[in-house]
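Visitor: First the structure, which I've put down as C-alpha cells, then a few questions once you've had a look.
Any read-out appearing in this document is the output of simple, stated calculations on the displayed coordinates, not a laboratory observation. Everything numeric in this text was worked out from a predicted model, so none of it was measured. Positions of Cβ are generated from backbone atoms using ideal geometry, with glycine treated the same way; all protein chains shown enter the neighbour counts.
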Number of protein chains: 2
Amino acid sequence: MVDILHRIGVTSSPDDVYAALTTVDGLANWWTEDTDGDANLGGVIRFRFVPGGFDMKVLEAQPAERVLWEVVDGPEEWIGTQVRFELKQEDDFTIVLFRHEGWKEPGEFMYHCSTKWATFLMSLKRLVETGEGEPAPRDVAISNWH
Amino acid sequence: MVDILHRIGVTSSPDDVYAALTTVDGLANWWTEDTDGDANLGGVIRFRFVPGGFDMKVLEAQPAERVLWEVVDGPEEWIGTQVRFELKQEDDFTIVLFRHEGWKEPGEFMYHCSTKWATFLMSLKRLVETGEGEPAPRDVAISNWH
C-alpha cells in the first residue's frame, strides 16, 4: 500500500477551510466545477472532469478537524482508496495534512495524481484566502494528461 | 520505506529538460538560486535555502533519460534518501517521472516536501518552457514552513 501526502497552510480559520471541504459549493470552487451530490456525513459526492470522475462517500466529517472520504466509484486504481484531510491551527495558518491512502501500487497514474493533488490543494488555499480557486476545467495543466 | 512521487510533462525536448537537471545554471533557475558544486557524474551539488540545504551526490546521469542523486548532507530525514528523475517522450511532451525515495517514515516534514517538490517541478516546467522558473527565494509559498 502506498500513499500520496501533502501539506499546505491556509491563512484563514479552520472553519473556513472545513467549509471548503464539506459543501458542494466549496468543493466546486477548488476541485471541479462539476460537483454535486451530498457532502454530509454518509452522503456521496460526485466529482466530474472531462475524462471521467470520482464518487466519494463521506466517512468522517469532524468540524474544523477532519474529513475522510472513501472512493466508491471512479478509475480502478482509486476505488477503495481513502482521501483524508486533517486540519489544525499553527501560527496564523490552518494547516491541512492531506493523505490519499491505500493505492495498491505506485503506477504512473499515481505519480500524476500526486502532482495534480498538489495543484488542487494550492487551488483550495487560493479559494479560501482570496475567494477565487482554480477548479477544473480551469485547473493548472501539468502534462499531456492535463 | 515511503516515497514521494510526481509526474509532469514539459513541452520541450528531453535534452532541454536533462540540461535543467544536470547543470548548476539549470538547477539554479528552477530549484534554488543558491546552487553550486559539481553537477557531473560523481560530483556533489550543494543546494542552499534560507533555512538550510541539501548536498546531493550524482549517482547516475544518463543523457535525456535519467538522473539519480543521493542526499549526502541535509536534514536528517533526507540523508540517505535518493531523488530520481526519469525522462521519456510522449506526444509533444517530455515526461518527467520524479521519485524521492527511501524516507524512513511519513512524518509531517515529508508531507511538506511532497507539496514543495510539486511546486518546484512546476517551476522546472516553466523554466524549460518559458526561460523563467520560480527558484528559491522566489518560490511559491505553500504554508508557514514556506
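Visitor: Starting from segment B:14-90, pick out the GluC sites (Glu not before Pro) whose DSSP state is loop and whose Cβ has at most 13 other Cβ atoms within 10 Å. Working shown, then result.
Guide: Values: sites: B:Glu33, B:Glu60, B:Glu65, B:Glu70, B:Glu76, B:Glu77, B:Glu86, B:Glu90; in loops: B:Glu33, B:Glu65, B:Glu76, B:Glu77.
Passing sites in segment B:14-90 are B:Glu65, B:Glu76.
Visitor: Taking θ as phi - 60°, what are the ³J(HN,Hα) couplings along segment B:68-80 by the Karplus curve (6.51, -1.76, 1.60), each to the nearest whole Hz, with x for Gly and Pro?
Guide: So the J values, rounded to whole Hz, are 9, 10, 10, 7, 9, 7, x, x, 3, 4, 8, 4, x.
Visitor: Cα gyration tensor of segment A:1-89, axes a ≥ b ≥ c as square roots of the eigenvalues: rounded (a/c below 1.5), prolate (a/b > b/c) or oblate?
Guide: Note, shape of segment A:1-89 comes out prolate.
Visitor: Here is a further query. Let a ≥ b ≥ c be the square roots of the eigenvalues of the Cα gyration tensor of segment A:34-145; is it rounded (a/c under 1.5), or, if not, prolate (a/b larger than b/c) or oblate? It would help to have the intermediate numbers written out before the result.
Guide: On the way: a/c = 1.41, a/b = 1.15, b/c = 1.22.
In terms of gyration-tensor shape, rounded.
Visitor: Based on DSSP H runs of at least 4 residues, each adding -39500 (n - 2.57), what is the mean residue ellipticity at 222 nm of the protein assembly as shown after dividing by all its residues, to the nearest 500 deg cm²/dmol?
Guide: -8000 deg cm²/dmol, from helical runs alone.
Visitor: Also: Please arrange B:Arg7, A:Arg99 by counting, for each residue, the other beta carbons lying within 10 Å of its beta carbon, fewest first.
Guide: Result, fewest neighbours first: A:Arg99, B:Arg7.
Visitor: If you build a Gaussian network model of chain B, linking Cα atoms that sit under 10 Å apart, which residue out of B:Pro51, B:Pro75, B:Pro63 swings the most?
Guide: B:Pro51
Visitor: List every residue whose amide H lies under 5 Å from the amide H of A:Asn29, counting only residues 5 or more places away in sequence or on a different chain, with H placed 1.01 Å from N in the peptide plane.
Guide: none
Visitor: Counting only pairs 8 or more residues apart or on different chains, how many lysine pairs in the protein assembly as shown have their Cα atoms under 26 Å apart?
Guide: Lysine pairs meeting the criterion: 27.
Visitor: Same structure again: Once amide H atoms are built 1.01 Å from N in the peptide plane, which residues 5 or more positions from B:Ser13, or in another chain, come under 5 Å H to H?
Guide: Here nothing satisfies the definition.
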